[in-house]
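**Student:** Below is the structure I would like to discuss, written out as structure tokens.
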Amino acid sequence: MTNDIAISLPEQRPRQTARRLLADAGESLAPAQGPRSLYIHLPFCAHKCHYCDFYSIVDRQDRQLAFTQRLQRELLAQAPLAAPLESIFVGGGTPTLLAPALWTDLLTTLDRAFDLSPIRSGQGEFSVECNPETATPELFDVLVAGGVNRISIGAQSFNTNHLHTLERRHDPANVARSVELARGAGIGRQSVDLIFAVPGQSLEEWTGDLERAIGLGTEHLSCYALTYEPNTAMTARLERDEFIRADEDLEADMYELTVERLRAQGLDRYEVSNYARPGRECAHNMAYWRQHDWLAAGPSASGHVAGHRWKNTPRLDDYLSIDDEGFAPIIEHEPPDGRRAMRERIMTGIRLREGLEIDVVCAAAERVAPGARRRLETSAAWHKEVGLLIERDRRWVLTDAGFLMGDRVASDLMDALA
Ligand code: SF4
């Protein structure tokens, strides 16, 4: 038995690597127009949380070295495509499980291969996801030396019962400890992730979690309603009737309470599930949601460059054994497609506080689907009439009620491209 026990992996095996598609993407980019963002996926976790569908394997520390060496080769292969990097996000998995010595190797390679001057000058953002159990002064010192200036801490809940329901193993006290350690090491920016609508969770208990998180004084919070993804243990337990999922009305009440409470604290919603102090939005995620280009490295990582989208294999064995001049094996590649790009732009753009630029979006939609401008305007007019959308500074922006139904509004607007 392998230790790839995280989730049921697709049967699909990689038949190509990212080398050719990135060469094609590179040819269509003007000099200095390369991606300014980079996502890196580190796949190791101490344990599999029951709600999680991210690719991760239970770490036995026997493959960290081989993985880090392979990842460095992939980064070196991709680096010539990149412009000076304005954001790096290391997610997982649990990136903070990687041994500090291997982090040093990885950060040294990043520094040598890429131009990190925007990050080093403090303008750019370098985020690492952190599990509260794994934060140590030694590791944080290594991260700071490598340019990391933002840490994203997976708290999920401060209530041990609800952590238990999620099969999430950490001591809630370690969240505050991680924040303090980050501050002490000089990582000036911190974010905390929370989950609500956990089975059995009351509105009062969610309020308690929110207050604990607010009390940490971080600049950013992400608050997601629990979702039941296919092939996760949580979904299997739900199907076995081991618990009752949260009532929809309660979930909506929790969401509204979150928006109001955080707004009162100066943490404004800038995306459906993300809240920040002014100017402290996550630049890396904004690059995704604005459909900018980004490179991606590591198993299961997905990238977007010059209209190409691809996904690396999620199988660590394949990732380690297939090495095409450093480029990784991929299981998905979507070549440039104007209509798909437009749909993605609407889907992610409407979920942002800044909304969609009406003139830009209508002109672009008309280019890929004749008549789309009129259909978009008709759809937007209807959503304005029912109070889900407003027009502000020539942008379509969701109202508070609209944010509760963001997917529905996005889907209606995307229909205009049909
Ligand atoms: S620590 Fe994060 S990536 Fe790992 S299993 Fe839990 S939720 Fe998934």
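**Student:** Using +1 on the beta carbon of Lys and Arg, -1 on that of Asp and Glu, and nothing else charged, what's the dipole of region 73-186 about the Cα centre, debye to 20? Mind dumping the intermediate values first?
**Tutor:** Values: 8 positive and 13 negative charges, 18 e Å.
Rounded to the nearest 20 debye, it is 80 debye.
**Student:** In region 225-324, what trypsin sites (Lys or Arg not before Pro) fall in a loop by DSSP, with at most 12 other Cβ atoms inside 10 Å?
**Tutor:** Answer in residue order: 240, 290.
**Student:** With only Lys, Arg, Asp and Glu charged, each at its Cβ (+1 for the first two, -1 for the last two), find how big the charge dipole of region 337-418 is about the Cα centre; round to the nearest 20 debye.
**Tutor:** On the way: 15 positive and 14 negative charges, 36 e Å.
Rounded to the nearest 20 debye, it is 180 debye.
**Student:** Roughly speaking, what % of Cα-Cα pairs in region 337-418 are separated by over 21 Å, rounded to a whole number?
**Tutor:** Everything past 21 Å amounts to 16 percent.
**Student:** Once you place label points 7 Å from the Cα toward the Cβ at residue 30 and residue 177, how far apart are they in nm?
**Tutor:** The modelled label-to-label distance comes out at 5.3 nm.
**Student:** I'd like to know which of 266, 361, 165 lies farthest towards the positive end of the charge dipole of the chain, counting +1 on Cβ of Lys and Arg and -1 on Cβ of Asp and Glu.
**Tutor:** Of the options given, the answer is 361.
**Student:** Let me ask something else. Just to be sure I understand the rule: take each whole DSSP H helix in the chain, project its Cα atoms onto its long axis, keep it if the span is 15 Å or more and its mean Kyte-Doolittle hydropathy is at least -0.5. Which ones pass?
**Tutor:** Length and hydropathy pass: 64-78, 100-113, 173-185, 358-368.
**Student:** Something else now. Please report the Cα spread of region 161-282 along all three principal axes, rounded to whole Å, starting with the longest.
**Tutor:** The Cα atoms of region 161-282 stretch 46, 28, 26 Å along the principal axes, largest first.
**Student:** Across region 40-132, what fraction of all alpha-carbon pairs, as a whole percent, falls in each successive 10 Å bin from zero upward?
**Tutor:** Final binned percentages: 15, 46, 30, 8.
**Student:** Calculate the radius of gyration of the Cα atoms of the chain to one decimal place, then report Dmax, the largest Cα-Cα distance, as a whole number, both in Å.
**Tutor:** Spelled out, the Cα radius of gyration and Dmax of the chain are 21.4, 59 Å.
**Student:** Which of 109, 235 comes first, and how do the rest follow, when ranked by fewest Cβ neighbours within 10 Å?
**Tutor:** On the way: 109 19, 235 16.
In order of increasing Cβ crowding within 10 Å: 235, 109.
**Student:** Here is a follow-up. With contacts defined as alpha carbon pairs under 8 Å and 6 or more residues apart, what's the relative contact order of region 16-289 in percent? Present the calculation step by step, with values, prior to reporting the outcome.
**Tutor:** On the way: 444 pairs, mean separation 45.4, N = 274.
Once divided by the residue count of region 16-289, the mean separation gives 17 percent.
**Student:** Rounding to the nearest 20 debye, state how big the charge dipole of the chain is about its Cα centre with +1 on each Lys and Arg Cβ and -1 on each Asp and Glu Cβ.
**Tutor:** So the dipole magnitude of the chain works out to roughly 920 debye.
**Student:** As an exercise, identify the GluC sites (Glu not before Pro) in region 188-269 lying in DSSP coil whose Cβ has no more than 13 other Cβ atoms within 10 Å.
**Tutor:** 242
**Student:** Give me the distance in nm between label points sitting 7 Å out from Cα along the Cα-to-Cβ direction at residue 23 and residue 123, one decimal.
**Tutor:** 3.4 nm
**Student:** According to a simple spin-label model (label point 7 Å from Cα along Cα-to-Cβ), what is the distance in nm between residue 112 and residue 411?
**Tutor:** According to this spin-label approximation, the distance is 5.0 nm.
**Student:** With runs of 4+ DSSP H residues as the only contributors, calculate the mean residue ellipticity of the chain at 222 nm using -39,500 (n - 2.57) per run, divided by the residue total and rounded to the nearest 500.
**Tutor:** Theoretical 222 nm ellipticity from helices: -12000 deg cm²/dmol.
FYI, it's all coordinate maths here, none of it is from the lab. Since the model is a prediction, treat every value here as computed from it, not as a measurement. Methodologically, a virtual Cβ is constructed for each residue, glycine included, from the backbone with ideal geometry; neighbour enumeration extends over all protein chains shown.
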